[in-house]
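The values are calculated or read from the model by the stated rules, or taken from the named source; none is laboratory data. Please read these numbers as outputs of a predicted model, since none were measured by experiment. Glycine gets a Cβ as well: all are built from the backbone with ideal geometry, and neighbour counts include every protein chain shown. All accessible areas refer to the heavy atoms of the entire protein, side chains included, with ligands and DNA or RNA removed. Shrake-Rupley method; radii C 1.70, N 1.55, O 1.52, S 1.80 Å.
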Amino acid sequence: MEFLPLFFQLRATRVLLVGGGKVAVRKARLLTRAGAILACVSPDIDHELESMLQRTGGEWRMARYDSADLEGVTLVVAATPDDAVNRQVAEDAGHRHIPVNVVDSPELCSFVFPSIVDRSPLVIGISSSARSPVLARLIRSKIEALVPAAYGRLAAFTGRFRDEVKAVASEEGQRRRFWEQVVNGPAGELVLAGREAEAEALVRQYLERPTEAQPVGEVYLIGAGPGDPELLTFKAARLLQEADVVLYDRLVTPEILDMARRDAERIYVGKRRDRHAVPQGQINQLLLDLAKQGLCVARLKGGDPFIFGRGGEEIEQLASHGIPFQVIPGITAASGCAAYAGIPLTHRDHAQSVRFITGNLKSDRVDLPWGEFVSNQETLVFYMGLQGLDTICGQLIAHGRSGDTPAALVEQGTTRNQRTLTGTLASLPAQVKAMEVHAPTLLIIGEVVGLRACLEWFGEAEKPTSWPPNAGADGHPVGWKAEDDGV
Ligand code: SAH
């Protein structure tokens, strides 16, 4: 993170604005909205700026900038067309440790102005760290559409009760639950509907019994989808925001984990460097223990929790102890990878059915009915199939599926690292051996693979930040080469 977003209290403080043109006017509008008293220095001044200064108790010194102008100011903004002046301001401010912004010169700034969605007292700032203001503005317009003006009222409403709530609920978690109950519940809805008196009555009721028996926690078994954070459902994103603790494994990308609350505890329960996974029984127990402490626990699972995710086992134990839980479906790897690789899983003419199969042949319990997989009208999707690729392709051919059947291996599907290798049942194992392949990978077999109209490999973009979570310095997962990644 290049810039830490902070919100500055400027009310009645003196801010120096160097420059008096149109650019200065834009900054002056923002600064005065936050209550700053402007001291403007410039040989000439835009008339809008001049009247703004008059209205807001600011002043204009008709002169060129002088370092003495920095005396007693909280913040300085340089908005002149003169590079040398701007540089001088930045340098002088630097010496005096005064935060400085030089318009359009990020390298001279100690702070930048974000794009703002103003629902005061709720304020949202969006910054691209000065890389792409246009993108920041685009995102801003989306957020403008997403956050109704009434949210400002809700923020103001809750602000009125802050001290009272603090007095009755001294512990932080207790306070947070109180506010969640208000904001997410009927009281919040009443405020949004403009019925504040009724909302207040409800909050007063809550205030009278704030320490009511500690609620039992809840577990959300959340499908995080195959990698692209945008493939999360709204519900998954919302509950992820509510959780106190997040348990995740290695199929969950850092971008998704980042969507959890800042202060939520994050617990990694995937396979470690030594490739020993936290035993399933231990995970089940951990979920139970955390929920019993009254915590909201998000169990994030790659793809869909009920597809090769052992989600069933995790909730069984919760159910038997009466812990409330919710299961939030996710986009499974087959859907995500197929869509992003341009392979339709079914097709009127080529495949009337699709089968999801575990390719984890190491387990003694897996004995696949190969004879059932021979219809060339069916698409086969093998999860966890990388290590057993030779066997899978060999067995399918041995049981009568043509060696010419198109087959694809999708590597790190839906992430920026996605690559898709296509071949046939006969050729794919050798093709894969000839290259370095990184888990997770999904194997798709059937005529539908031949419909893929794109290049053989695509999505060869830069490597993402660091995915999977245990990526080594080169961005490749440590110790994963051609490893199976079953769960
Ligand atoms: N519950 C998950 C599957 C867990 S099994 C789901 O519904 O998707 C783990 C296997 O899923 C991996 O071995 C791999 O075969 C597949 N997989 C998961 N994410 C993937 C991805 N982004 N790209 C390719 N395969 C993936």
The answer for THR405, listing residues at least 5 apart or on another chain whose modeled amide H is closer than 5 Å to its amide H, is LEU425, ALA426
Cβ-Cβ FRET estimate between ASP289 and ASP349, R0 fixed at 51 Å, reported to 0.05: 0.45
Neighbourhood charge, 13 Å Cβ-Cβ cut-off, centred on PRO329 and excluding it, Lys, Arg +1 and Asp, Glu -1: +1
What is the local net charge at SER120, summed over the other residues whose Cβ is closer than 13 Å to its Cβ (Lys, Arg +1; Asp, Glu -1)? +3
With all protein chains present, how much of the accessible area of the chain (probe radius 1.4 Å) comes from carbon and sulfur, to the nearest whole percent? 54
Among GLY225, LEU443, GLY322, whose Cα projects farthest towards the positive end of the dipole of the chain, with charges put on the beta-carbon of Lys, Arg (+1) and Asp, Glu (-1)? GLY322
Working out 0.36 nm times the residue gap between THR56 and LEU30, then minus their Cα-Cα distance, what length gain in nm do you get to one decimal? 8.1 nm
Under a Cβ-only charge scheme (Lys and Arg +1, Asp and Glu -1), can you give me the dipole magnitude of the chain about the Cα centre, in debye to the nearest 20? 620
Checked against a 21 Å limit on the C-alpha separation, the offending pairs among LYS22/LYS142; LYS271/LYS362; LYS235/LYS301 are LYS22/LYS142
Summing -39500 (n - 2.57) over every DSSP H run of at least 4 residues in the chain and dividing by its residue count gives a helix-only mean residue ellipticity at 222 nm, to the nearest 500 deg cm²/dmol, of -10000 deg cm²/dmol
Residues whose modelled amide H sits under 5 Å from the amide H of CYS40, counting only those 5 or more places away in sequence or on another chain, are LEU17, GLU59, TRP60, ARG61
Tabulate in residue order the Karplus-calculated ³J(HN,Hα) for the stretch 27-42, using 6.51 cos²θ - 1.76 cosθ + 1.60 with θ = phi - 60°, rounded to whole Hz; enter x for Gly and Pro. 5, 4, 4, 5, 5, 6, 4, 8, x, 6, 9, 8, 10, 9, 10, 5
Quick one: accessible area per residue over the chain, 1.4 Å probe, rounded to a whole number of Å²? 50
Just subtract the alpha-carbon distance of ARG137 and GLU48 from 0.36 nm times their residue separation and send over the number in nm, one decimal. 29.6 nm
Quick one: ranking TRP60, TRP179, TRP370 by accessible area, 1.4 Å probe, largest first, what do you get? TRP60, TRP179, TRP370
What is the distance, in nm, between label points placed 7 Å from the Cα along the Cα-to-Cβ direction at SER375 and at ALA63? 8.9
May I ask you to compute the full-extension gain from GLU164 to VAL278, defined as 0.36 nm times their residue separation minus their alpha-carbon distance, rounded to one decimal in nm? 36.7 nm
Taking R0 as 51 Å, what FRET efficiency do you get between ARG261 and ALA398 from their Cβ-Cβ distance, rounded to the nearest 0.05? 0.45
Between beta-carbons, use under 13 Å as the cut-off and find the net charge around LEU396, counting Lys and Arg +1, Asp and Glu -1. -2
